[in-house]
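Worksheet: one structure, shown below.
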Amino acid sequence: MLQSFIPQLGMTFFICLFILMMQFIFRYINDLVGKGLGLDVLGELFFYAALSFVPMALPLAILLASLMTFGNLGEHFELTALKSSGISLIRVMMPLIVFVAAIATGAFFFQNNVLPQTQVKMWTLLFSARQKSLSLEITEGAINSQIPGYNVLVKHKDRNTDMLYDMLIYDVSSGANYPRIVSADSGRLSMTQDRQHIVLKLYSGNWYEELNQNGNSFGSEMYRREAYHDKEILIPYDATFTRMDDNTMRSQYVGKNIKQLTHTIDSIQMKVDSVATSIGNEFKAMPVCGVPSVRMVFENNRQHAEPVKPVELKKPVDVDALFQSMSSGEKHTFITFALNSANTAMQDAQFRTFVAADDAMTMRRHQIELQRKFTLSIACLIFFFIGAPLGAIIRKGGLGTPVVISVMLFIIYYIIDNFGYKLARDGHWPVWQGIWLSSVILFPLGVFLTTKAVNDSAVFNADAYRNFLRRILGLHQSRKLQMKEIVINEVSTIEAVEQLKQLKTLCTGFLNSHARRQSYLQYLMYGYNKAELNVLRDQLERVVDYLSNSRDQQVLNKAMDFPIIRHLAFYQLTASPKLGIALAVLFPLGLFLYIIGVRRQSNLKQDIITTVGICDQLIAMC
């Protein structure tokens, strides 16, 4: 089992990792292309990115590898041989269960010890690459804006000498209100040795510049024009790659292990609790109607607050009468003061809310990262217990059906995981509920598939679902017989004809006793005799079962034409005539049941007529 599973796992893991790396490159291609980054920097970035994608690629690889492994075993009847030897599916899976459990344990230590360091390196390199300037690549016939503050138009470029011809430079480095326009017959771009400046060497051109008058009153506009034979311009331009400090990313949640995350969460929680306590004390200390609720007392060189005794009123104060007794100016003053106080309190509360919300968001980010340290290991186990029994059930190996099923299951897992993650990140759900949502939903699926595979249940038998749907909708069901490779009980022509005649006699007797359609009262009170129908149905199934051992393909084909007599409640609604009379009294309901029942009885009689015809044909063939 290990020799079959490990190569499949290695192949699928690198395929999944390659697909995720392509997605990473397509996402950040604009930040990497045109920066002149060396192969060593790109290789280091891709290496750390590949390690960062292990938590996503590993569960999908285990799901796909287990599907392919057990699908191949089922397709080549190796699982059937093992089960016939008395080896259960769990015993077959046991080596892989131990192996996947070891992988899950290693994945936990990878998440805790390796992944934080790789993510710090990856994001540091990516942010450093984003800040690097674009490499200089002058395109002829187009406006080039790689140089900050300069737009350069070149009509022709000599690829061999790197000379630029018919140049027009629009310089806005000093501000767009006072631009400089430089034309040149030819020129060349080069870098200084320290790669900190661009040297622009120009030949035979003109220099146009608008001048800032700085308050001079003479003339409405001033400009300067200069014709030159050759001119050299030095432009600041940092073309070097500067790596950011790793400490910046190490302080983020992606760069911490379980111990560091727990410490940060506790620190933020203490801060949030302290701020909440402070706000609560301030609200308690706020004066009510100008009367302070607490006062500061100094005792033993220490300051502490003690509550102020409430003011006792001999009679209630009529606030409205007191307000109406004021003059218009006093009313306006008091209303303005009240509005300003309310706005100030509201702004202060909003500011404190923003600070507390930022702290809560930071704490949730750390809690999410802490929970993710454990979800990878559990996801590996869950996907194995989904893939292995599913492969044993569908019995399809290779990269066809297993890939389709794996991708569908992983997409479902990814959607549920992102849904729970966003709910946890935004604070709508507790963090542990959102992060473990996908595992909680897929775990019952793994238990269900494992149980069905161990019990050899036909979960994906299309005919079973089709027949079930036909039974619900009341449609005809079809039989399916195949010639057996080994026949224990040979079909005797005399016995077959005898059974067919018995079946024909039962069908003819039933048709003669129910030649006419039942009336409204007959149907509701009696209907068709279920015991008689059961005898007919049993005889039909005995005939089909006996003929299924035939070695004649024509007999098998004709036996498949026998209709399936279904167990329908509409053949006989009730065995009690009194209850039938009660249904008949309920005229709208009784009429509705009568219409449906008579239709079902008509279909039954048609099936029995078909059975009689097939019996005659088979008797003639025998």
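The values are calculated or read from the model by the stated rules, or taken from the named source; none is laboratory data. Small disclaimer: the values here were computed from a predicted structure and weren't measured. Every residue, glycine among them, receives a Cβ derived from its backbone with ideal geometry; neighbour counts consider all protein chains shown. With ligands, DNA and RNA removed, areas are computed over all heavy atoms of the protein, side chains included. Shrake-Rupley method; radii C 1.70, N 1.55, O 1.52, S 1.80 Å.
General observations
- Counting protein heavy atoms only, the chain has 60 percent of its accessible area on carbon and sulfur, 1.4 angstrom probe.
- Available extension along the chain between Glu282 and Val403 is 37.4 nm, counting 0.36 nm per residue and deducting the alpha carbon span.
- Taking amide hydrogens as placed 1.01 Å from N in the peptide plane, the amide H of Val294 sits under 5 Å from those of Val308, each at least 5 positions away in sequence or on another chain.
- Proximal aspartates and glutamates to Lys484, defined as alpha-carbon separation beneath 20 angstrom and excluding residues fewer than eight positions away on the same chain: Glu75, Asp463, Glu495, Glu541, Asp545, Asp552, Asp561
- Put His366, His76 in order of accessible area, highest first, and with a 1.4 Å probe you get His76, His366.
- Degrees between helix 258-285 axis and first principal axis of the chain (Cα, 0 to 90, nearest 10): 70 degrees
- Relative packing of peptides 566-577, 112-123 - highest average C-beta neighbours within 10 Å first: 112-123, 566-577
- Taking the Cα centre of the chain as reference, the dipole from Cβ charges on Lys and Arg (+1) and Asp and Glu (-1) amounts to some 2460 debye.
- Computed accessible area, Tyr546, all protein chains, 1.4 angstrom probe, square angstrom: 40 Å²
- Short-range pairs are left out: with C-alpha atoms under 8 Å and at least six residues apart, the relative contact order of the chain is 14 percent.
- Qualifying lysines (Cα of each under 19 Å from Cα of Lys452; at least 8 residues distant if same chain): Lys83, Lys396
- Packing, taken as the mean count of other beta carbons within 10 Å per residue, orders the peptides 59-71, 370-382, 150-162 from highest to lowest as 59-71, 370-382, 150-162.
- Rounded to whole Å, sorted largest first: equivalent-ellipsoid semi-axes of the chain, Cα gyration tensor: 77, 47, 30
- Residues Val544, Val440, ordered by accessible area of protein heavy atoms at a 1.4 angstrom probe radius and largest first, appear as Val440, Val544.
- Residue pairs exceeding 18 angstrom between C-alpha atoms, taken from Lys259/Lys373; Lys201/Lys231; Lys578/Lys605: Lys578/Lys605.
- Average accessible area per residue (Å²) across region 1-156 - probe 1.4 Å, nucleic acids and ligands excluded: 48 Å²
- Dipole of the chain computed with +1 at Lys/Arg Cβ and -1 at Asp/Glu Cβ about the Cα centre; of Ala453, Val182, Leu20, farthest Cα towards the positive end is Ala453.
- With the charge dipole of the chain set up from +1 on Lys and Arg Cβ and -1 on Asp and Glu Cβ about the Cα centre, the Cα lying farthest toward the positive end among the listed residues Gly427, Val294, Ile198 is that of Gly427.
- Unit charges at the beta carbon, dipole of the chain: most positive-side option, Asn534, Val272, Asn418: Asn534
- In degrees, nearest ten, helix 54-75 long axis to first principal axis of the chain (Cα): 20 degrees
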